[in-house]
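Enquirer: My structure is below; once you've seen it, I'll send some questions.
The values are calculated or read from the model by the stated rules, or taken from the named source; none is laboratory data. Worth saying up front: this structure is predicted, and the values here are computed from it rather than measured. Because the Cβ atoms are built from the backbone with ideal geometry, glycine has one as well, and the counts that use them run over all protein chains shown. To get the accessible areas, we keep the full protein, side chains included, count just its heavy atoms, and leave off ligands, DNA and RNA. Shrake-Rupley method; radii C 1.70, N 1.55, O 1.52, S 1.80 Å.
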Amino acid sequence: MSHFKVLYFASAKDASGKESEEFEWFEGIGCEKLTQLLVERHPDLAPVLKTSMFAVNMEYMDQGLSWTVQPRDEVAVIPPVSGG
Amino acid sequence: MSHFKVLYFASAKDASGKESEEFEWFEGIGCEKLTQLLVERHPDLAPVLKTSMFAVNMEYMDQGLSWTVQPRDEVAVIPPVSGG
Amino acid sequence: MAMKDIVKITADTISLDEIAKSVQDPKAGAISTFSGTTRDNFEDKVVKTLAYEAYIPMAEKSMKSLITAARSKWDDLIHVAIVHKIGDCPVGETSVVIAVSSGHRQQGLEAVHWLIDELKVQVPIWKKEVYATGGPDGSDGGEVWKANSSLP
Amino acid sequence: MAMKDIVKITADTISLDEIAKSVQDPKAGAISTFSGTTRDNFEDKVVKTLAYEAYIPMAEKSMKSLITAARSKWDDLIHVAIVHKIGDCPVGETSVVIAVSSGHRQQGLEAVHWLIDELKVQVPIWKKEVYATGGPDGSDGGEVWKANSSLP
(Lines give C-alpha, C1' and ligand atoms only; values in the text may rest on other atoms or scores of the structure.)
Protein backbone atom coordinates (compact mmCIF):
# COMPACT_ATOMS: atom_id res chain seq x y z
CA MET A 1 0.00 0.00 0.00
CA SER A 2 1.31 3.49 -0.89
CA HIS A 3 1.78 6.30 1.55
CA PHE A 4 2.86 9.91 1.58
CA LYS A 5 4.58 11.85 4.31
CA VAL A 6 3.43 15.08 5.95
CA LEU A 7 5.82 17.42 7.79
CA TYR A 8 4.59 19.98 10.34
CA PHE A 9 6.48 23.14 11.27
CA ALA A 10 6.06 25.93 13.83
CA SER A 11 2.38 26.43 14.79
CA ALA A 12 1.40 23.40 12.67
CA LYS A 13 3.75 21.26 14.75
CA ASP A 14 2.23 22.65 17.96
CA ALA A 15 -1.31 21.98 16.70
CA SER A 16 -0.65 18.43 15.49
CA GLY A 17 1.72 17.53 18.30
CA LYS A 18 4.00 15.92 15.71
CA GLU A 19 6.92 16.74 13.46
CA SER A 20 5.83 14.34 10.74
CA GLU A 21 3.64 11.34 10.01
CA GLU A 22 2.57 9.00 7.19
CA PHE A 23 -0.79 9.07 5.45
CA GLU A 24 -2.27 6.39 3.24
CA TRP A 25 -2.21 7.50 -0.37
CA PHE A 26 -5.13 7.24 -2.79
CA GLU A 27 -5.95 8.79 -6.15
CA GLY A 28 -7.01 12.46 -6.24
CA ILE A 29 -5.66 14.11 -3.10
CA GLY A 30 -5.57 17.80 -4.05
CA CYS A 31 -5.47 20.88 -1.86
CA GLU A 32 -9.03 20.54 -0.59
CA LYS A 33 -8.91 16.80 0.11
CA LEU A 34 -5.53 17.13 1.82
CA THR A 35 -6.87 19.85 4.12
CA GLN A 36 -9.82 17.61 4.99
CA LEU A 37 -7.57 14.61 5.78
CA LEU A 38 -5.33 16.67 8.03
CA VAL A 39 -8.20 18.26 9.97
CA GLU A 40 -9.89 14.89 10.44
CA ARG A 41 -6.78 13.59 12.14
CA HIS A 42 -5.87 16.84 13.99
CA PRO A 43 -8.86 19.16 14.51
CA ASP A 44 -6.56 21.82 16.03
CA LEU A 45 -4.91 22.21 12.64
CA ALA A 46 -8.03 23.82 11.14
CA PRO A 47 -7.19 27.46 12.00
CA VAL A 48 -3.50 26.95 11.19
CA LEU A 49 -4.28 25.61 7.71
CA LYS A 50 -6.33 28.72 6.92
CA THR A 51 -3.12 30.78 6.79
CA SER A 52 -0.64 28.09 5.71
CA MET A 53 0.78 27.00 2.36
CA PHE A 54 1.49 23.47 1.24
CA ALA A 55 4.86 22.50 -0.18
CA VAL A 56 5.16 19.23 -2.09
CA ASN A 57 8.69 17.86 -2.48
CA MET A 58 10.02 21.24 -1.36
CA GLU A 59 8.07 23.34 -3.88
CA TYR A 60 5.27 25.68 -2.85
CA MET A 61 1.93 24.62 -4.34
CA ASP A 62 -0.29 27.33 -5.69
CA GLN A 63 -3.67 27.14 -3.96
CA GLY A 64 -5.44 28.20 -7.14
CA LEU A 65 -3.98 25.49 -9.39
CA SER A 66 -4.96 21.85 -9.53
CA TRP A 67 -2.31 19.48 -8.25
CA THR A 68 -2.48 16.12 -6.53
CA VAL A 69 -0.26 14.28 -4.10
CA GLN A 70 1.65 11.33 -5.56
CA PRO A 71 2.76 8.19 -3.69
CA ARG A 72 5.86 8.79 -1.51
CA ASP A 73 5.58 12.59 -1.88
CA GLU A 74 6.84 14.74 0.96
CA VAL A 75 4.12 17.25 1.82
CA ALA A 76 4.87 20.09 4.25
CA VAL A 77 2.50 22.41 6.07
CA ILE A 78 4.15 25.84 5.90
CA PRO A 79 2.65 28.43 8.27
CA PRO A 80 3.47 32.09 7.52
CA VAL A 81 7.27 32.29 7.54
CA SER A 82 9.23 34.55 9.86
CA GLY A 83 12.90 34.07 9.11
CA GLY A 84 15.41 36.90 9.05
CA MET B 1 50.42 92.41 7.86
CA SER B 2 47.62 89.85 7.49
CA HIS B 3 47.93 86.55 5.70
CA PHE B 4 45.79 83.62 4.73
CA LYS B 5 46.78 80.02 4.28
CA VAL B 6 46.27 77.84 1.20
CA LEU B 7 46.26 74.02 1.37
CA TYR B 8 46.87 71.84 -1.72
CA PHE B 9 45.69 68.24 -2.08
CA ALA B 10 46.13 65.46 -4.62
CA SER B 11 46.78 66.83 -8.14
CA ALA B 12 46.91 70.39 -6.73
CA LYS B 13 49.73 69.32 -4.43
CA ASP B 14 51.57 67.74 -7.36
CA ALA B 15 51.11 70.89 -9.47
CA SER B 16 52.19 73.37 -6.78
CA GLY B 17 54.88 71.13 -5.32
CA LYS B 18 53.62 72.11 -1.84
CA GLU B 19 51.17 70.97 0.79
CA SER B 20 50.45 74.51 1.99
CA GLU B 21 51.72 78.05 1.96
CA GLU B 22 50.88 81.57 3.16
CA PHE B 23 49.59 84.40 0.98
CA GLU B 24 49.44 88.07 1.84
CA TRP B 25 45.86 89.12 2.50
CA PHE B 26 44.19 92.22 1.03
CA GLU B 27 40.61 93.36 0.64
CA GLY B 28 38.42 91.73 -2.01
CA ILE B 29 39.93 88.31 -2.76
CA GLY B 30 37.01 86.38 -4.24
CA CYS B 31 36.96 83.29 -6.40
CA GLU B 32 38.36 84.98 -9.49
CA LYS B 33 41.11 86.94 -7.73
CA LEU B 34 42.15 83.89 -5.73
CA THR B 35 42.47 81.81 -8.89
CA GLN B 36 44.63 84.54 -10.42
CA LEU B 37 46.93 84.74 -7.35
CA LEU B 38 47.42 80.97 -7.31
CA VAL B 39 48.18 80.69 -11.02
CA GLU B 40 50.63 83.60 -10.84
CA ARG B 41 52.61 81.74 -8.23
CA HIS B 42 52.16 78.22 -9.71
CA PRO B 43 51.36 78.25 -13.46
CA ASP B 44 50.93 74.44 -13.42
CA LEU B 45 47.88 74.91 -11.19
CA ALA B 46 45.87 76.48 -14.03
CA PRO B 47 44.39 73.24 -15.46
CA VAL B 48 43.87 71.79 -11.98
CA LEU B 49 41.86 74.81 -10.83
CA LYS B 50 39.49 74.44 -13.80
CA THR B 51 38.03 71.30 -12.20
CA SER B 52 38.62 72.08 -8.52
CA MET B 53 36.48 73.60 -5.78
CA PHE B 54 37.62 75.98 -3.07
CA ALA B 55 36.89 75.32 0.57
CA VAL B 56 37.24 78.15 3.06
CA ASN B 57 37.57 77.13 6.70
CA MET B 58 36.41 73.63 5.73
CA GLU B 59 33.26 74.73 3.90
CA TYR B 60 32.84 74.36 0.15
CA MET B 61 32.41 77.75 -1.52
CA ASP B 62 29.81 78.04 -4.23
CA GLN B 63 31.50 79.32 -7.42
CA GLY B 64 28.40 81.26 -8.36
CA LEU B 65 28.09 83.23 -5.12
CA SER B 66 30.15 86.18 -4.01
CA TRP B 67 32.45 85.49 -1.11
CA THR B 68 35.84 86.86 -0.11
CA VAL B 69 38.78 85.51 1.82
CA GLN B 70 39.24 86.98 5.31
CA PRO B 71 42.54 87.38 7.18
CA ARG B 72 43.81 84.08 8.68
CA ASP B 73 41.29 82.04 6.67
CA GLU B 74 42.27 78.51 5.70
CA VAL B 75 41.63 78.09 1.98
CA ALA B 76 41.88 74.65 0.39
CA VAL B 77 42.10 73.66 -3.27
CA ILE B 78 39.88 70.58 -3.62
CA PRO B 79 40.35 68.63 -6.87
CA PRO B 80 37.56 66.18 -7.80
CA VAL B 81 37.27 63.82 -4.84
CA SER B 82 37.72 60.07 -5.13
CA GLY B 83 37.21 58.59 -1.69
CA GLY B 84 35.40 55.37 -1.05
CA MET C 1 36.37 33.18 -12.29
CA ALA C 2 34.48 30.71 -10.09
CA MET C 3 31.60 32.46 -8.40
CA LYS C 4 30.56 31.04 -5.04
CA ASP C 5 26.97 30.62 -3.88
CA ILE C 6 27.18 29.91 -0.17
CA VAL C 7 24.08 28.90 1.80
CA LYS C 8 24.07 27.51 5.30
CA ILE C 9 21.59 26.86 8.07
CA THR C 10 23.35 26.26 11.34
CA ALA C 11 22.77 25.92 15.07
CA ASP C 12 26.16 27.55 15.73
CA THR C 13 26.73 31.21 16.48
CA ILE C 14 27.19 33.03 13.18
CA SER C 15 30.00 35.45 12.51
CA LEU C 16 29.62 38.44 10.19
CA ASP C 17 33.40 38.63 9.94
CA GLU C 18 33.80 35.07 8.74
CA ILE C 19 30.94 35.34 6.24
CA ALA C 20 32.17 38.67 4.86
CA LYS C 21 35.63 37.09 4.42
CA SER C 22 34.07 34.16 2.53
CA VAL C 23 32.94 36.56 -0.24
CA GLN C 24 36.23 38.48 -0.57
CA ASP C 25 37.75 38.52 -4.03
CA PRO C 26 40.54 40.50 -5.76
CA LYS C 27 38.02 41.51 -8.46
CA ALA C 28 35.61 42.92 -5.86
CA GLY C 29 35.41 46.66 -5.25
CA ALA C 30 32.55 46.33 -2.79
CA ILE C 31 31.27 44.02 -0.07
CA SER C 32 27.75 44.72 1.16
CA THR C 33 26.26 42.94 4.14
CA PHE C 34 23.09 42.72 6.16
CA SER C 35 22.86 41.17 9.64
CA GLY C 36 19.60 40.53 11.44
CA THR C 37 19.93 40.66 15.21
CA THR C 38 17.52 39.90 18.03
CA ARG C 39 15.93 43.04 19.47
CA ASP C 40 15.08 43.29 23.14
CA ASN C 41 11.51 44.37 22.55
CA PHE C 42 8.44 43.77 20.45
CA GLU C 43 5.71 46.36 20.82
CA ASP C 44 5.43 46.68 24.63
CA LYS C 45 6.85 43.28 25.51
CA VAL C 46 10.34 42.43 26.70
CA VAL C 47 11.81 39.73 24.50
CA LYS C 48 13.98 37.25 26.40
CA THR C 49 15.03 35.10 23.49
CA LEU C 50 14.04 34.00 20.01
CA ALA C 51 14.05 30.47 18.76
CA TYR C 52 14.23 29.69 15.05
CA GLU C 53 13.27 26.50 13.30
CA ALA C 54 13.60 25.68 9.61
CA TYR C 55 12.49 23.15 7.04
CA ILE C 56 16.21 22.79 6.45
CA PRO C 57 16.49 21.16 3.00
CA MET C 58 13.75 23.32 1.51
CA ALA C 59 15.15 26.46 3.15
CA GLU C 60 18.59 25.77 1.68
CA LYS C 61 17.08 25.07 -1.73
CA SER C 62 15.02 28.26 -1.48
CA MET C 63 18.10 30.33 -0.53
CA LYS C 64 20.02 28.88 -3.49
CA SER C 65 17.13 29.83 -5.81
CA LEU C 66 17.19 33.37 -4.44
CA ILE C 67 20.89 33.66 -5.25
CA THR C 68 20.29 32.34 -8.78
CA ALA C 69 17.49 34.87 -9.24
CA ALA C 70 19.70 37.68 -7.90
CA ARG C 71 22.46 36.78 -10.35
CA SER C 72 19.98 37.02 -13.22
CA LYS C 73 18.88 40.49 -12.05
CA TRP C 74 22.38 41.84 -11.30
CA ASP C 75 25.33 40.74 -13.44
CA ASP C 76 28.03 42.43 -11.35
CA LEU C 77 27.73 40.09 -8.34
CA ILE C 78 30.79 37.97 -7.54
CA HIS C 79 30.25 35.80 -4.45
CA VAL C 80 27.00 35.60 -2.45
CA ALA C 81 26.52 34.10 1.01
CA ILE C 82 23.33 33.60 3.02
CA VAL C 83 23.66 32.06 6.49
CA HIS C 84 20.75 31.61 8.91
CA LYS C 85 20.88 30.44 12.50
CA ILE C 86 18.36 28.01 13.97
CA GLY C 87 17.69 27.23 17.61
CA ASP C 88 17.97 29.81 20.38
CA CYS C 89 19.06 33.30 19.47
CA PRO C 90 19.31 35.50 22.59
CA VAL C 91 19.02 39.30 22.49
CA GLY C 92 21.90 40.89 20.58
CA GLU C 93 22.81 37.70 18.72
CA THR C 94 22.84 37.50 14.95
CA SER C 95 20.11 35.37 13.34
CA VAL C 96 20.94 35.92 9.67
CA VAL C 97 23.79 37.31 7.59
CA ILE C 98 23.74 38.11 3.89
CA ALA C 99 27.02 39.13 2.23
CA VAL C 100 27.60 40.01 -1.40
CA SER C 101 30.80 40.99 -3.18
CA SER C 102 30.51 42.90 -6.44
CA GLY C 103 32.73 44.75 -8.88
CA HIS C 104 31.09 48.07 -8.04
CA ARG C 105 28.87 49.10 -5.16
CA GLN C 106 25.46 49.75 -6.69
CA GLN C 107 24.44 46.22 -7.64
CA GLY C 108 25.81 44.63 -4.47
CA LEU C 109 23.87 47.05 -2.25
CA GLU C 110 20.67 46.48 -4.22
CA ALA C 111 21.11 42.70 -4.20
CA VAL C 112 21.59 42.53 -0.42
CA HIS C 113 18.43 44.56 0.11
CA TRP C 114 16.45 42.37 -2.29
CA LEU C 115 17.81 39.10 -0.86
CA ILE C 116 16.82 39.89 2.73
CA ASP C 117 13.37 41.11 1.61
CA GLU C 118 12.78 37.90 -0.38
CA LEU C 119 14.24 35.65 2.31
CA LYS C 120 11.69 37.05 4.75
CA VAL C 121 8.83 36.29 2.37
CA GLN C 122 9.81 32.95 0.86
CA VAL C 123 12.26 30.91 2.88
CA PRO C 124 10.61 28.35 5.23
CA ILE C 125 12.09 29.48 8.54
CA TRP C 126 10.05 30.37 11.62
CA LYS C 127 10.74 32.50 14.64
CA LYS C 128 9.20 32.02 18.06
CA GLU C 129 9.46 34.94 20.49
CA VAL C 130 9.78 34.06 24.15
CA TYR C 131 8.82 36.94 26.42
CA ALA C 132 10.27 37.72 29.82
CA THR C 133 8.01 37.26 32.85
CA GLY C 134 7.47 39.76 35.66
CA GLY C 135 9.32 42.55 33.89
CA PRO C 136 8.63 46.25 34.54
CA ASP C 137 6.23 46.15 31.60
CA GLY C 138 3.94 43.83 33.54
CA SER C 139 4.00 41.18 30.79
CA ASP C 140 3.22 37.66 31.85
CA GLY C 141 5.74 35.86 29.64
CA GLY C 142 4.55 33.37 27.11
CA GLU C 143 5.70 32.73 23.60
CA VAL C 144 4.35 33.23 20.11
CA TRP C 145 5.20 32.18 16.55
CA LYS C 146 5.75 35.33 14.52
CA ALA C 147 4.78 36.02 10.92
CA ASN C 148 6.74 38.38 8.69
CA SER C 149 4.75 41.14 7.12
CA SER C 150 4.15 40.51 3.45
CA LEU C 151 4.65 44.22 2.86
CA PRO C 152 8.16 45.27 1.80
CA MET D 1 19.30 56.00 24.44
CA ALA D 2 22.62 57.56 23.44
CA MET D 3 23.10 57.30 19.70
CA LYS D 4 26.70 57.14 18.54
CA ASP D 5 28.06 58.95 15.47
CA ILE D 6 31.47 57.41 14.82
CA VAL D 7 33.80 58.91 12.21
CA LYS D 8 37.45 58.05 11.80
CA ILE D 9 40.20 58.55 9.25
CA THR D 10 43.09 56.25 9.95
CA ALA D 11 46.33 54.96 8.46
CA ASP D 12 45.74 51.61 10.18
CA THR D 13 44.17 48.55 8.56
CA ILE D 14 40.41 48.78 9.05
CA SER D 15 38.31 45.91 10.32
CA LEU D 16 34.71 45.38 9.26
CA ASP D 17 34.20 43.16 12.30
CA GLU D 18 35.32 45.81 14.77
CA ILE D 19 33.27 48.55 13.11
CA ALA D 20 30.13 46.39 12.89
CA LYS D 21 30.54 45.60 16.60
CA SER D 22 30.81 49.32 17.40
CA VAL D 23 27.23 49.84 16.17
CA GLN D 24 25.67 46.84 17.96
CA ASP D 25 22.76 47.65 20.27
CA PRO D 26 20.08 45.62 22.07
CA LYS D 27 17.43 47.82 20.38
CA ALA D 28 18.82 47.04 16.91
CA GLY D 29 17.13 44.47 14.71
CA ALA D 30 19.45 45.13 11.79
CA ILE D 31 23.06 46.00 11.04
CA SER D 32 23.81 47.00 7.46
CA THR D 33 27.34 47.53 6.21
CA PHE D 34 29.26 48.52 3.13
CA SER D 35 32.99 47.92 2.62
CA GLY D 36 34.97 49.34 -0.26
CA THR D 37 37.92 47.19 -1.25
CA THR D 38 40.76 47.69 -3.71
CA ARG D 39 40.16 45.90 -7.02
CA ASP D 40 43.03 44.43 -8.98
CA ASN D 41 42.09 46.15 -12.20
CA PHE D 42 40.88 49.39 -13.71
CA GLU D 43 39.79 49.16 -17.32
CA ASP D 44 42.68 47.26 -18.94
CA LYS D 45 45.33 48.13 -16.36
CA VAL D 46 46.61 46.02 -13.50
CA VAL D 47 46.35 47.97 -10.24
CA LYS D 48 49.26 47.34 -7.88
CA THR D 49 48.13 49.51 -5.02
CA LEU D 50 46.00 52.52 -4.17
CA ALA D 51 47.08 55.39 -2.01
CA TYR D 52 44.51 57.62 -0.31
CA GLU D 53 45.02 61.10 1.08
CA ALA D 54 42.50 63.24 2.90
CA TYR D 55 41.98 66.78 4.10
CA ILE D 56 41.53 65.12 7.45
CA PRO D 57 39.67 67.70 9.59
CA MET D 58 37.33 68.70 6.76
CA ALA D 59 36.74 65.05 5.80
CA GLU D 60 35.80 64.19 9.38
CA LYS D 61 33.53 67.22 9.59
CA SER D 62 31.95 66.28 6.27
CA MET D 63 31.35 62.68 7.39
CA LYS D 64 29.72 63.94 10.60
CA SER D 65 27.44 66.20 8.53
CA LEU D 66 26.46 63.23 6.38
CA ILE D 67 25.46 61.26 9.48
CA THR D 68 23.42 64.21 10.76
CA ALA D 69 21.67 64.49 7.39
CA ALA D 70 21.01 60.73 7.33
CA ARG D 71 19.42 60.92 10.79
CA SER D 72 17.08 63.64 9.58
CA LYS D 73 16.05 61.50 6.58
CA TRP D 74 15.70 58.18 8.49
CA ASP D 75 14.47 58.23 12.10
CA ASP D 76 15.04 54.54 12.78
CA LEU D 77 18.87 54.70 12.75
CA ILE D 78 20.60 53.85 16.02
CA HIS D 79 24.40 53.99 15.70
CA VAL D 80 26.28 55.04 12.56
CA ALA D 81 29.99 54.55 11.83
CA ILE D 82 32.07 55.75 8.87
CA VAL D 83 35.75 54.80 8.80
CA HIS D 84 38.11 55.59 5.92
CA LYS D 85 41.70 54.48 5.47
CA ILE D 86 44.43 56.78 4.21
CA GLY D 87 47.88 55.86 2.90
CA ASP D 88 48.58 52.67 0.98
CA CYS D 89 45.74 50.25 0.38
CA PRO D 90 46.95 47.15 -1.50
CA VAL D 91 44.66 44.96 -3.60
CA GLY D 92 42.04 43.20 -1.47
CA GLU D 93 42.35 45.62 1.44
CA THR D 94 39.44 47.62 2.77
CA SER D 95 39.52 51.37 2.13
CA VAL D 96 36.19 52.37 3.69
CA VAL D 97 33.55 50.84 5.93
CA ILE D 98 30.10 52.21 6.67
CA ALA D 99 27.99 50.45 9.32
CA VAL D 100 24.51 51.38 10.50
CA SER D 101 22.35 49.75 13.15
CA SER D 102 18.61 50.33 13.00
CA GLY D 103 15.44 49.08 14.62
CA HIS D 104 14.24 47.49 11.38
CA ARG D 105 16.08 46.70 8.18
CA GLN D 106 14.62 49.05 5.58
CA GLN D 107 15.98 52.36 6.82
CA GLY D 108 19.42 51.00 7.72
CA LEU D 109 19.88 49.50 4.24
CA GLU D 110 18.76 52.72 2.57
CA ALA D 111 20.98 54.86 4.80
CA VAL D 112 24.13 52.80 4.09
CA HIS D 113 23.53 53.11 0.35
CA TRP D 114 22.96 56.86 0.61
CA LEU D 115 25.97 57.43 2.88
CA ILE D 116 28.46 55.72 0.56
CA ASP D 117 27.00 57.54 -2.48
CA GLU D 118 27.29 60.91 -0.72
CA LEU D 119 30.73 60.14 0.72
CA LYS D 120 32.01 59.56 -2.80
CA VAL D 121 30.65 62.91 -3.96
CA GLN D 122 31.34 65.21 -1.02
CA VAL D 123 34.06 64.06 1.33
CA PRO D 124 37.54 65.49 0.56
CA ILE D 125 39.48 62.25 0.13
CA TRP D 126 41.56 61.36 -2.92
CA LYS D 127 42.70 58.09 -4.39
CA LYS D 128 45.83 57.59 -6.47
CA GLU D 129 46.04 54.39 -8.49
CA VAL D 130 49.51 52.94 -8.94
CA TYR D 131 49.70 50.55 -11.89
CA ALA D 132 51.92 47.51 -12.21
CA THR D 133 54.73 47.65 -14.74
CA GLY D 134 55.55 45.02 -17.32
CA GLY D 135 52.41 43.02 -16.68
CA PRO D 136 50.77 40.76 -19.27
CA ASP D 137 48.58 43.71 -20.24
CA GLY D 138 51.64 45.56 -21.53
CA SER D 139 50.97 48.57 -19.28
CA ASP D 140 53.95 50.73 -18.49
CA GLY D 141 53.09 51.45 -14.87
CA GLY D 142 52.58 55.01 -13.76
CA GLU D 143 50.04 56.47 -11.39
CA VAL D 144 47.00 58.70 -11.63
CA TRP D 145 44.70 60.63 -9.30
CA LYS D 146 41.18 59.31 -9.79
CA ALA D 147 37.92 61.24 -9.78
CA ASN D 148 34.64 59.69 -8.68
CA SER D 149 31.84 59.91 -11.16
CA SER D 150 29.25 62.46 -10.17
CA LEU D 151 26.59 60.07 -11.41
CA PRO D 152 24.96 57.81 -8.83
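Enquirer: Rounded to whole Å and sorted largest first, list the principal axis extents of the Cα atoms in the protein assembly as shown.
Expert: Its Cα atoms span 101, 61, 35 Å along the three principal axes.
Enquirer: Taking the rotation that carries B onto A, look along its axis and tell me which residue of B has the beta carbon nearest to it, distance in whole angstrom.
Expert: B:G84, 14
Enquirer: Okay, moving on. Give the D-C buried accessible area in Å², both sides summed, 1.4 Å probe, nearest 100.
Expert: Numbers: alone 8550 and 8570 Å², together 14410 Å².
Approximately 2700 Å², summed over both chains.
Enquirer: At q = 0.15, 0.26 Å⁻¹, what log₁₀ I(q)/I(0) does region B:26-84 have when each alpha carbon counts as one equal point scatterer in the Debye sum?
Expert: Those come out to -0.44, -1.25, one per q.
Enquirer: Please identify the trypsin sites (Lys or Arg not before Pro) of region B:26-84 that satisfy two criteria: DSSP loop assignment and at most 15 other Cβ atoms within 10 Å. Which are they?
Expert: Numbers: sites: B:K33, B:R41, B:K50, B:R72; in loops: B:R72.
Listed in order of number, the matching sites are B:R72.
Enquirer: In nm, what does the list of distances from C:K64 to its counterparts in the other copies look like, shortest first, when each label sits 7 Å along Cα to Cβ?
Expert: Reported distances to equivalent positions: 5.1 nm.
Enquirer: Please report the spacing between the Cα centers of region A:8-77 and region D:21-70 in Å, no decimals.
Expert: 49 Å
Enquirer: How big is the C-alpha Rg of region D:47-96 next to the rule-of-thumb value 2.2 N^0.38 Å, as a ratio? Write down the numbers at each step before the final one.
Expert: Numbers: Rg = 13.9 Å, N = 50, 2.2 N^0.38 = 9.7 Å.
Compared with the compact-globule rule of thumb, region D:47-96 sits at 1.43.
Enquirer: Moving to a separate point now. Name the residue, out of C:G108, C:G142, C:G92, whose mean-square fluctuation peaks in a Gaussian network model built on chain C with Cα pairs under 10 Å.
Expert: Taking springs between Cα atoms under 10 Å, the residue moving most is C:G142.
Enquirer: Right, next: Determine the total buried accessible area between chain D and chain B, counting protein heavy atoms only with a 1.4 Å probe; round to the nearest 100 Å².
Expert: Details: alone 8550 and 5320 Å², together 12110 Å².
Its buried surface, counting both partners, is about 1800 Å².
Enquirer: Expressed in whole Å with the largest first, what are the equivalent ellipsoid semi-axes of chain D derived from the C-alpha gyration tensor as the square root of 5 times each eigenvalue?
Expert: Values: eigenvalues 197, 43, 37 Å².
Computed over chain D, the values are 31, 15, 14 Å.
Enquirer: So which residues in region D:22-50 end up with at least 40 square angstrom less accessible surface once the other protein chains are there, compared with the chain by itself, probe 1.4 angstrom?
Expert: Residues losing area: D:P26, D:K27, D:G29, D:I31, D:T33, D:F34, D:T37, D:R39, D:D40.
Enquirer: Averaged per residue, what accessible area in Å² does chain C show with a 1.4 Å probe, protein chains only? Could you put the intermediate results ahead of the total?
Expert: Values: 6350 Å² over 152 residues.
Dividing the accessible area of chain C by its residue count gives 42 Å².
Enquirer: In nm, what does the list of distances from D:A51 to its counterparts in the other copies look like, shortest first, when each label sits 7 Å along Cα to Cβ?
Expert: Going from nearest to farthest copy, the values are 5.9 nm.
Enquirer: Kirkwood hydrodynamic radius for region D:20-86: how many Å is it when counted over pairs of different Cα atoms? Mind dumping the intermediate values first?
Expert: Details: mean 1/r = 0.0677 Å⁻¹.
Taking the inverse mean of 1/r over all distinct Cα pairs, region D:20-86 comes out at 14.8 Å.
Enquirer: Counting only DSSP beta bridges with both residues in the protein assembly as shown, what percent are antiparallel, rounded to the nearest 5? Each step should come with its number before you reach the end.
Expert: On the way: 91 of 111 bridges.
Counting DSSP beta bridges with both partners in the protein assembly as shown, the antiparallel share is about 80 percent.
Enquirer: What GluC sites (Glu not before Pro) in chain B are in a loop by DSSP, with at most 16 other Cβ atoms within 10 Å of the Cβ?
Expert: On the way: sites: B:E19, B:E21, B:E22, B:E24, B:E27, B:E32, B:E40, B:E59, B:E74; in loops: B:E19, B:E27.
Listed in order of number, the matching sites are B:E19, B:E27.
Enquirer: Accessible area, 1.4 Å probe, largest first: how do D:T33, D:T94 sort?
Expert: D:T94, D:T33
Enquirer: Which FRET efficiency value, to the nearest 0.05, do you get for C:S149 and B:M1 by plugging their Cβ-Cβ distance into 1/(1 + (r/R0)^6) with R0 = 56 Å? Present the calculation step by step, with values, prior to reporting the outcome.
Expert: Numbers: r = 68 Å, r/R0 = 1.22.
The value I calculate is 0.25.
Enquirer: Expressed as an acute angle from 0 to 90° and rounded to the nearest 10, what is the orientation of the C-alpha long axis of helix D:56-73 relative to the principal long axis of chain D?
Expert: It works out to around 40 degrees.
Enquirer: Now a separate question. Run the accessible area of chain B with a 1.4 Å probe and give the carbon-and-sulfur part as a rounded percent. Spell out each step's value before the answer.
Expert: On the way: 2210 of 4390 Å².
Here carbon and sulfur together make up 50 percent of the probe-accessible area.
Enquirer: Got the B:E21 label distances to the other copies yet, label 7 Å along Cα→Cβ, in nm, shortest first?
Expert: 9.0
Enquirer: So which residues in region B:70-84 end up with at least 20 square angstrom less accessible surface once the other protein chains are there, compared with the chain by itself, probe 1.4 angstrom?
Expert: B:I78, B:P80, B:V81, B:S82, B:G83, B:G84
Enquirer: What part of the accessible area of chain C, given as a whole %, is carbon or sulfur when the probe is 1.4 angstrom? Walk me through the numbers before you get to the answer.
Expert: Working: 3290 of 6350 Å².
Of the solvent-accessible surface of chain C, carbon and sulfur hold 52 percent.
Enquirer: Given chain B, what percent of its DSSP beta bridges are antiparallel, to the nearest 5? Spell out each step's value before the answer.
Expert: Working: 11 of 15 bridges.
That works out to approximately 75 percent antiparallel.
Enquirer: With every protein chain kept in place and ligands, DNA and RNA left out, what is the accessible area per residue of chain B? Probe 1.4 Å, answer in Å².
Expert: On the way: 4390 Å² over 84 residues.
Heavy-atom accessible area per residue stands at 52 Å².
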